[in-house]
1. Between Glu130 and Ala402, how many nm apart are label points set 7 Å from Cα along the C-beta direction?
2. When the accessible area of segment 121-266 is split by element with a 1.4 Å probe, what percent falls to carbon and sulfur?
3. Hey, what's segment 101-208 come to in accessible area per residue, 1.4 Å probe, Å²?
4. Looking at the square roots a ≥ b ≥ c of the eigenvalues of the Cα gyration tensor of segment 156-245, which shape do they give, rounded for a/c under 1.5, prolate if a/b is larger than b/c, or oblate?
5. Taking the Cα centre of segment 103-185 as origin, work out the dipole magnitude from +1 charges on Lys and Arg Cβ and -1 charges on Asp and Glu Cβ, in debye rounded to 20.
6. On a C-alpha basis, how far is the centre of segment 146-188 from the centre of segment 321-377 in Å? Whole number, if you could?
7. So, counting K/R as plus one and D/E as minus one, what does the shell of residues with Cβ under 14 Å around Lys80 add up to?
8. Tell me the per residue accessible area of segment 419-461 using a 1.4 Å probe; a whole number in Å² is fine.
Amino acid sequence: MKIFARYRWWCAATFVLLTGCWPYTEPATGEYAAVLRRGEKVTKADTYGRFAALSVEYRQGGGSLMSAENHSMRLIHNDKIVVKATDGIERWTDFAQPVYFVKRQEDDGMLALVHEQAGKAVVEKIAASEYGYRGNETYMHGFPLSPGVRYFPIDQRPGFLLRGLPLKITVLPSPPEGDGHLQAYVLAAISPDGASFAYVDSEYAPSVVLVVDADGKRRDPIPLPRIYLADAPSYQFNPYERLWAWSRTAFAWHKNGTGSWEVRPDGIAPGAAGARDAVEELFISDQTGYRRCFAANAACLPGWRRPDAAELRQTLAGDGGAPPFAYVPSAPVNAFGARVGLLLLSGRCCRVPSYHLYLDGAPAAVAAQLSARLRESKTPFVRVDECPRRTGNDGKCATQLAQQLKRPESLGRELEQLLDTWEEQDGVLFVMPSMVVAVRANGRGCSVIQTLLRADLSRKD
């Protein structure tokens, strides 16, 4: 028994030595000792008014081989703990009084706003943050939209706005589900009455704008020539500043005939594409074709309407369900030597929202007409089916792309991936300076011209 007792004592001593779990630690000292536990010390204190944001260090395990330093932050008010432990505390400097963003561990990381009211510390939870939100090293908690207002983007959702003080949270309305896979979730502008929101599909290369009201009602989207905004100088930069600056000059708010707010993009109007056929121009140049649009919007071309159920069935048989953004001409229209059946906007197949044109004509004849139009307009292009078969490790059509588009070598980009997976049975693929277009058979044996990629193909990244 004595041997067993000595063995137990030796095991306990070894455990204490290795883990440092000895129950006695040094008491806290210094100015903030009253809000510290034994073994804790303050490494930095940022005070503002009656608040102090403390950086706290605690060595778990004392000085043993297995010990570890733990760091957290603590917010106190009038020497009383308001937030015991959090990964970070950020002061909202838009206000003269102290206001803090914190994530309390006891609230599963939900964001809260802490400020002073009637001499007491007030903690207001931000329920809209339960799904998380994006930030960077400088703006961990929202991006400044205007004085006293921050924008909190969320992946695959528009996110929310936070205004203070008093605190007001605006959950941005999501576009209706199934809206052609536009991926338009990024806030670009707010209507003058604050009740309608313009979304785009990217904060650095927008290609479509979609207006949604606070109640979820939306306008038809307006596709744009793909714009590449100035590169951010660093990761710490507010990436939305350049988008908001662009939106102030790219489009303006107007009320339509029903009294609802909509946007009218600058430079997108009838006649902007010149004398060439407006429908055909959509598949010749992103930069000119997409300066016209066909949606039911005051900024767009007249003479188009929504198709009825019979027209949709006639054109899209075998091509899936009814798309949300489909249009037919009010009077017969021809394009590429064939009659137009339907024009639709979708992002389902494509990198960015793009038009698809259904034609009553054979694919080979339509592809020949497209080739002729491209030559007439002096638009450089490469027909992938006319490229020689690859030899060795050369990329598909690499020589032709370099000659026609002056395109630098850049392996691994979207175009290379598209070319590598494209097969002749998929249809005829055309590569132009700002877009990639396919001509293929649709479900009824006629033709569809489908824009698969809209991008500046001369970019290296």
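1. Taking the simple label geometry, Glu130 and Ala402 are separated by 5.7 nm.
2. Values: 3260 of 6490 Å².
Ligands and nucleic acids excluded, carbon and sulfur reach 50 percent.
3. On a per-residue basis, segment 101-208 sits at 44 Å².
4. Numbers: a/c = 1.93, a/b = 1.07, b/c = 1.81.
Oblate, since a/c reaches 1.5 and b/c is not below a/b.
5. Values: 9 positive and 10 negative charges, 65 e Å.
With Lys and Arg at +1 and Asp and Glu at -1, about 320 debye.
6. The distance from the Cα centre of segment 146-188 to that of segment 321-377 comes to 34 Å.
7. Working: positive: Arg50, Arg74, Lys84, Lys120; negative: Asp79, Glu116.
The answer is +2.
8. Numbers: 1720 Å² over 43 residues.
Here the per-residue accessible area is 40 Å².
The values are calculated or read from the model by the stated rules, or taken from the named source; none is laboratory data. Everything numeric in this text was worked out from a predicted model, so none of it was measured. Positions of Cβ are backbone-derived with ideal geometry, glycine not excepted, and every protein chain shown enters the neighbour counts. SASA here: full protein model, heavy atoms, side chains in, ligands and nucleic acids out. Shrake-Rupley method; radii C 1.70, N 1.55, O 1.52, S 1.80 Å.
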